[in-house]
Amino acid sequence: MKVKRNTLLLLAALVWGIAGANILRIGLAAYPAYLTLWNTLLSVLVFAVFQQVVFGKLVKKHTARIGAYPDERLFFLRFFDRKSFVIMAVMMTGGIGLRASGLAPEAFIAVFYTGLGASLLLAGLRFGQNYGRAVSAAV
């Protein structure tokens, strides 16, 4: 299945956005019993660290990589490189394993998943924004 170059940005937006919304949903569902100013600040810290260190850079890097592709149809999974597929697989496996094992207390799930999910969702929104810009520039 091959798609236009700019469609890769849309696919990245959907994948990161859906993953982020799902993780954010899990965190927010666990949050009511642990809603304190301290926990909220910790969630904001998790969000900021992931934006600064991982997802902000990832969006810029992949947008530039996709923009450098030739203007031809490309295999639809090329919205990620190998490293990103590994990051996503490790995050999913780790998250599922952490929750299933019961090793992480519910308060941790609430705080960490809320910050991480919001950061992932923002990455998806930024990919969507980059898609919109690419489509507008192509017209």
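The values are calculated or read from the model by the stated rules, or taken from the named source; none is laboratory data. Worth saying up front: this structure is predicted, and the values here are computed from it rather than measured. Cβ: placed from backbone, ideal geometry, glycine included. Neighbour counts: every protein chain shown.
Points to keep in mind about this one:
- Residue match in region 64-80 (condition: aliphatic (A, V, I, L, M), under 30 Å from residue 33 (Cβ atoms) and either free of Cβ contacts under 8 Å to residues at least 24 places away in the same chain or not in a helix (DSSP H, G or I) (or both)): no
- From the list 107, 21, 48, 89, the lone residue that is more than 16 Å from the chain's Cα centre (by Cα), among the hydrophobic types (A, V, I, L, M, F, W, C) and assigned to a helix (DSSP H, G or I) is 107.
- Single residue of region 71-100 satisfying the filter (of a type outside the set (A, V, I, L, M, F, W, C), within 17 Å of residue 10 (Cα to Cα) and surrounded by 11 or more Cβ atoms within 10 Å (Cβ to Cβ)) that is modelled with the highest pLDDT: 73
Let's see how each residue does on (1) out of contact with any helix residue (DSSP H, G or I) (no Cβ under 8 Å at 6 or more places or on another chain); (2) among the hydroxyl-bearing types (Ser, Thr, Tyr); (3) within 22 Å of residue 26 (Cα to Cα):
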| residue | (1), (2), (3) |
| --- | --- |
| 82 | yes, no, no |
| 97 | yes, no, yes |
| 104 | no, no, yes |
| 124 | no, no, yes |
| 135 | no, no, no |
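- Within region 3-17, tally of residues that are more than 17 Å from residue 68 (Cα to Cα) and either of a type in the set (Lys, Arg) or modelled with pLDDT under 95 (or both): 2
- Region 41-70 - residue that is of a type in the set (S, T, N, Q) and farther than 20 Å from residue 95 by Cβ and, of those, surrounded by the fewest Cβ atoms within 10 Å (Cβ to Cβ): 52
- Here residue 38 meets each of (1) in contact (Cβ under 8 Å) with a residue 60 or more places away in the chain; (2) surrounded by fewer than 11 Cβ atoms within 10 Å (Cβ to Cβ); (3) within 30 Å of residue 108 (Cβ to Cβ); (4) not basic (Lys, Arg) with one exception, condition (1).
- All positions within region 46-56 that are in contact with a helix residue (DSSP H, G or I) (Cβ under 7 Å, 6 or more places away or on another chain) and at pLDDT 95 or above: 46, 47, 50, 51
- Whichever residue in region 119-139 is of a type in the set (A, V, I, L, M) and free of Cβ contacts under 8 Å to residues at least 40 places away in the same chain and, among such residues, is surrounded by the most Cβ atoms within 10 Å (Cβ to Cβ): 137
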